[in-house]
Amino acid sequence: MTTADERFGREVQRRREQKGWSMTRFASLLTEAGVDNFHSTTVGRIERGERPVRLSEAVAVAQVLDVPLESLIPTDAQTLTDAERAVRLYSETKRAIRVLARLLADRLAGLPAVREDLVEVLESGDLDEAGIKQARKWLGIVDMNLAEGWRLPTEQEVRDMTPVQMGRARASVLWMGDDLWQAEA
């Protein structure tokens with residue numbers, strides 16, 4: 001099994017060779033970019049996964065190669081360890097929960113205004129029977145959602161979720177997300 005350093009090094013080597021640069025040329029470009037004490041031997045050790053790369057060096061490598069840093073870290077399923085996949089899934093789920101929590105918070109914050117608008121329309125007398133029926137249906141849905149007192153998880157609660165809780169939350173987020181996006185269409 002390859003390490004993250006080895007995978008990073010192989011990807012750097014592949015990108016460097018695509019550009020037609022020798023290790024010496026690449027080292028000099030990195031030195032010009034502000035990385036201290038970078039020599040062709042250092043490049044070789046990094047490309048073989050024998051020398052870990054500092055974050056500042058990895059950022060410089062990506063800049064010199066003119067690629068996003070994340071593109072230097074292969075992410076296909078064959079190269080990821082189970083632990084790396086678990087961490088990535090956990091992080092992606094946390095991000096999805098945060099995004100949907102913000103979306104839901106915005107929608108929930110708007111429910112009282114929606115309720116007021118529905119009541120105003122109903123009281124206006126401008127609706128036919130079908131319109132009254134539909135407005136009452138929507139008002140019932142809004143009232144039900146307001147009465148349930150939905151509470152979104154706090155940022156700390158999301159951070160403290162266990163992997164099992166995160167899996168359940170991910171399923172809920174996916175369901176809510178599908179429902180919300182279908183409502184948008």
Segment Leu55-Thr31, length gained on full extension (0.36 nm per residue, minus Cα span): 7.1 nm
Accessible area, probe 1.4 Å, largest first, for residues Glu11, Glu116, Glu6: Glu116, Glu6, Glu11
Probe 1.4 Å, all protein chains present, accessible-area order of Leu55, Leu146, largest first: Leu55, Leu146
Solvent exposure, largest accessible area first (probe 1.4 Å, DNA, RNA and ligands not counted), of Lys133, Lys19: Lys133, Lys19
Net charge over other residues, Cβ less than 12 angstrom from the Cβ of Arg51 (K, R count +1; D, E count -1): -2
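The values are calculated or read from the model by the stated rules, or taken from the named source; none is laboratory data. What you see is a predicted model, and the numbers here were worked out from it, not measured in a lab. When we count neighbours, we look across all protein chains shown, and the Cβ atoms used for this are built from the backbone with ideal geometry, even at glycine. Ligands, DNA and RNA are excluded from the accessible area calculation, which covers all protein heavy atoms including side chains. Shrake-Rupley method; radii C 1.70, N 1.55, O 1.52, S 1.80 Å.
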